[in-house]
Amino acid sequence: MSAFATVAVQGGTKNADTHGALRAPIYDSVAFEHPDARSMQLTFEGKKPAHAYSRITNPTVSDFEQRISSLCGGGFVLAVSSGMAAISNTILALAGADTNIVTSRNLFGNTLSLFQKTLAPWGLETRCVDMTDSSAVAAAIDGETRAVFLESMTNPQLEVADCTAIAGVCRDKGVPLILDNTVMTPYLFDCRKAGVAIEVISSTKYISGGATTIGGLIIDHRTFDWNNAPRLAERAEKFGPMAFLSSLRQEVYRNLGACMAPQTAYLHTLGLETLEMRIEKSCANAMAIARFLSDHPRVRGVHYPGLESSKFHAISNRQFKGRHGGILTFDLESQETCFALIDALQLIRRATNINDNKSLIIHPASTIFAEYNEREKEAMAVRATTIRLSVGIEECEDIIADLASGLDSLPDVKDHGVSSYQE
């Protein structure tokens, strides 16, 4: 197989364009004409590889899906409208009333809200355990467990679990492992090699190439026997390894309407071409900034798996090719001090999102976790003293200079409580 960057640039469909275009055009059309009624019937039955309606398939989106498949070792890929659509479609295809999923409290806030607040009234139980303890994961799985859900690196806690070990637990228990690989992407973490059944990604982040558009990906790595999934067992008899994808295409995804727009697919395909370079720059910047913040007297603690002091350093080093992502968090004296720093910055943007080309800063406890009370935030390790920095691809010296100026502008306090702790 060619190197990642080569596949990202050259992969996907090899069909020659009518006009010799080097990239797939945007097929901005809702419906597609068929030569005859029989052809239309076969297309709707899924027996002919053709397009009928862009809510179900679209040529530009299909090209993007095939490029992702090439990067992920030939997995079955479905592109959707957002990262949250990727998660919700996946769970709804596998689980139902009176079943459960096993996951962690240390999840992206909207993901946990989906599980505990949106799907719970429909009868889905969410069992939260320590994902760094594979024995706890195993103990939580029972006959009604339909999946284990894990993030390759949690946001904003930056917790890293042993994905291969958890995949082994899932294999022994006969349940699929779903892994949200948004933070690390297929470039830094090979989910198929680790034994992950389904990889979900918010392609809005690194893949989009600069936060141009919202999108998501569902990747079936063909590591799980869908005969063992109660909701898909009957379908598996007919479709075999494509049972999960066919359930999405012919039912869940089709009925929910979470389709990716062709314009989005086009832009995300462009983003793939520079993905490796942008990730390398972002990770290198994050490492340098983490070291700078660790040495600053106004910073109480820095949380980044790239630091040797992090308890997740060894596992992160092993799983992610010696890179540690482009996100870090750090603690100051109080929420008021956090706000003062955020307000003082000139270069770094005050905005949500991660893995943009621009560096972005946010106070998680008062924003993306605003719907949770203090007790719930404490259980999720979300503190009022924590700032999240998504490190972009600007020159590192400029980012550090902005942080240094902001930190130096903070009012003096009697006791900084400086420490170098890692969580």
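Beyond 18 Å in Cα-Cα separation lie the following of the pairs 173/311; 117/377; 117/173; 48/238; 205/281: 173/311; 117/173. With neighbours defined as other Cβ atoms within 10 Å of a residue's Cβ, the residues 104, 310, 405 order from fewest to most as 405, 310, 104.
Taking N as the residue count of region 123-183, its C-alpha radius of gyration divided by 2.2 N^0.38 Å amounts to 1.07.
Neighbour counts of C-beta atoms inside 10 Å place 131, 287 in the sequence 287, 131, starting with the fewest. In this calculation the C-beta distance from residue 358 to residue 308 is compared with R0 = 41 Å, giving a FRET efficiency of 0.90.
Under 1.5 on a/c is rounded, so check that first for region 310-423, then, if it is not, pick prolate when a/b is larger than b/c and oblate when it is not; a ≥ b ≥ c are the square roots of the alpha carbon gyration tensor eigenvalues. Here region 310-423 falls in the rounded category. May I ask you to list the residues of region 82-119 whose amide nitrogen lies under 20 Å from a point 7 Å from Cα along the Cα→beta-carbon direction of residue 139? Those under the cut-off are 100-106. Calculate how steeply helix 275-294 sits against the longest principal axis of the alpha-carbon atoms of the chain, using the helix alpha-carbon long axis, and give the answer as 0 to 90 degrees to the nearest 10. With rounding to tens, the tilt is 20 degrees. Here the convex hull built on the C-alpha positions of region 143-223 has a volume of 99 cubic angstrom per residue. With respect to the chain, whose longest principal axis is taken over its alpha-carbon atoms, helix 59-71 is tilted by about 60°. If you compute mean projected area of the Cα convex hull in nm² for the structure shown, which of (i) 21.2; (ii) 18.9; (iii) 24.4 do you land on? Evaluating mean projected area of the Cα convex hull in nm² on these atoms matches (i). If both residues of a DSSP beta bridge must be in the chain, then about 55% of such bridges are antiparallel. Site pair residue 21 and residue 294 shows an inter-label distance of 4.8 nm when each label is modelled 7 Å from Cα along Cα→Cβ.
Sort 183, 9 by Cβ crowding within 10 Å, fewest neighbours at the top.
Listed from fewest to most nearby Cβ atoms, that is 9, 183.
With angles folded into 0 to 90 degrees, how steeply does helix 396-408 sit against the dominant principal axis of the chain? Use alpha carbons for both and round to 10. Helix 396-408 and the main axis of the chain meet at about 50 degrees.
Each reported figure results from applying straightforward, stated rules to the coordinates on display, with no laboratory input. Since the structure is predicted, the reported quantities are computational estimates derived from the model, not experimental observations. Here the Cβ is made from the backbone with ideal geometry for all residues, glycine too, and neighbour counts use every protein chain on show.
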